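Engineer: One structure, as structure tokens, below. Some questions next.
The values are calculated or read from the model by the stated rules, or taken from the named source; none is laboratory data. All values derive from a computational prediction rather than experimental measurement. Cβ atoms come from the backbone with ideal geometry, glycine included; neighbour counts cover every protein chain shown. Accessible surface is based on the protein model in full, side chains and every heavy atom, while ligands, DNA and RNA are left aside. Shrake-Rupley method; radii C 1.70, N 1.55, O 1.52, S 1.80 Å.
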Amino acid sequence: MMTFTEFLNGRPLSLNLVKEFAFETPSTSLSALTTRDAMLVLFLLVLCIRAIKSVLLPFFSSLGRRAGRATHGAEWEAHNEIRIVKFGEYVFRLLFHFGISAAGIVAFWNAPWWKPGGTPVLWKGLPFHPVSVQMTWYYLVQSAYNLDALYSLLELSLSFQWNCLAEQKFPMAWSKTVRGDFREMCIHHVVTNLLVIGSSHFRLTRIGSMVFLVHDISDVPVDLSKLANFLKWKRATTICFAIMCLSWFVLRLGVFPFVIYKSVLYESYLILEDGRVDPLLYLLYRHFFYYLVGQIILLHVCWFGMFLKMGYLLLKKGEAHDLSEHKSGESQDLHQKYGHGSSCSSNGFANGTSNGTNGASMNGHATSNGNTANGKNKSH
């Protein structure tokens, strides 16, 4: 792929040339996230995302504060600062998932690999597929968002205490805002980033864009469910939950394993058709992608089973809780004060027993099985 230096070819640097290289020239070094040019742009995009979040999250949280005061009361507001902050994150995630889904649909509406029987196009001609400008920036933005998500998770869940007088061997501890599903979320983000960077490096961006789109579209009703439940809109919460389960079943348990993963397993050999790829190289790397994508599908199956249980409890008890948002450092006094299993004892969208076991994430990415104490999960 052509680098920016090769594109300049001795010409003096100018904004017009930068614009032409970045937004008008296909199949550049920006299309492979492991190149120096792409890593520089990726770093700048992550900084931009964090700068945007630093402005928007406080604003969205202020809206959540007003909404929480109106729906839960002033006493609830005083004891739920973390949940009010999380409201801002829900809104930001909803806007991102909706926006990136719309962009993906527009960009790939006529893509041949989305047409019935068109998945062989994903593999024929690799690794010499042309990479369009739309695909390049779709991948860059998605990768930047996922890298920021991993960093934000670690920032939220871990704290470092550099005290020379302390006797602890490792200066790291769980923070008070650690997620109950930290382990699963961390595994998910690490696997996702490996797949994003790996697929970009091997120019598997076509199939990567399919995986992105399937996940982003199904994340929209998840975010809507969280917001509706925060606002105590019971009917809207139930409707969003039903849409979420339907979209999850169709996209993540239907299209993902039986169209995308099936193509990975049974059609990827088409890479070898024109003799441009060393068969040994193909045999060496294919299991890496088989395993990572398979892990995500297995997690989807487990999460969907948990969603069905949550839906049953929602219909049976009429309660909506998301125990993935219970932090291990969170005070239990709040639950005793408002009552176990009450609508004020949780800000998310799953239900468990009165002591908070069998929680599940509603962001489509993780589950947590059990309460946590001192930052460690209790197993049952």
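Engineer: Quick one: net charge of ILE105's neighbours, Cβ under 15 Å, K/R +1, D/E -1?
Structural biologist: Working: positive: LYS115; negative: ASP216, ASP219.
That works out to -1.
Engineer: Give me the three principal axis extents of segment 228-270 from the C-alpha atoms, as integers in angstrom, largest value leading.
Structural biologist: Sorted from largest, the Cα extents of segment 228-270 read 51, 14, 8 Å.
Engineer: While we're here: Going down the list LYS234/LYS309; LYS53/LYS232; LYS262/LYS309; LYS86/LYS316; LYS53/LYS234; LYS86/LYS226, which pairs span over 20 Å between their C-alpha atoms? Walk me through the intermediate numbers first.
Structural biologist: Values: LYS234/LYS309 18 Å; LYS53/LYS232 25 Å; LYS262/LYS309 28 Å; LYS86/LYS316 27 Å; LYS53/LYS234 29 Å; LYS86/LYS226 10 Å.
Too far apart for the 20 Å limit: LYS53/LYS232; LYS262/LYS309; LYS86/LYS316; LYS53/LYS234.
Engineer: Which value in nm describes the separation of the simple spin-label points at PHE249 and LEU44, placed 7 Å from the Cα toward the beta carbon?
Structural biologist: Computed distance between label sites PHE249 and LEU44 equals 4.6 nm.
Engineer: Between ILE297 and VAL190, what is 0.36 nm times their sequence separation minus the Cα-Cα distance? Round to one decimal in nm.
Structural biologist: Details: separation 107, 0.36 × 107 = 38.52 nm, distance 1.52 nm.
37.0 nm is the gain from fully extending ILE297 to VAL190.
Engineer: Turning to a different aspect of this structure: Measure off, as a whole percent, the carbon and sulfur share of the 1.4 Å-probe accessible area of segment 1-138, all protein chains present.
Structural biologist: Working: 5210 of 7510 Å².
Carbon and sulfur atoms account for 69 percent of the accessible area of segment 1-138.
Engineer: Per residue, how much accessible area does segment 248-297 have with a 1.4 Å probe, in Å²? Write down the numbers at each step before the final one.
Structural biologist: Values: 2930 Å² over 50 residues.
Result: 59 Å² of accessible area for each residue.
Engineer: Here's another thing I want to ask about it. How much net charge surrounds PHE4 when only the other residues with a Cβ under 10 Å from the Cβ of PHE4 are counted, with Lys and Arg +1 and Asp and Glu -1? Display every interim value, and only then the final one.
Structural biologist: Working: positive: ARG36; negative: GLU6, ASP37.
Taking every Cβ under 10 Å from that of PHE4, the sum is -1.
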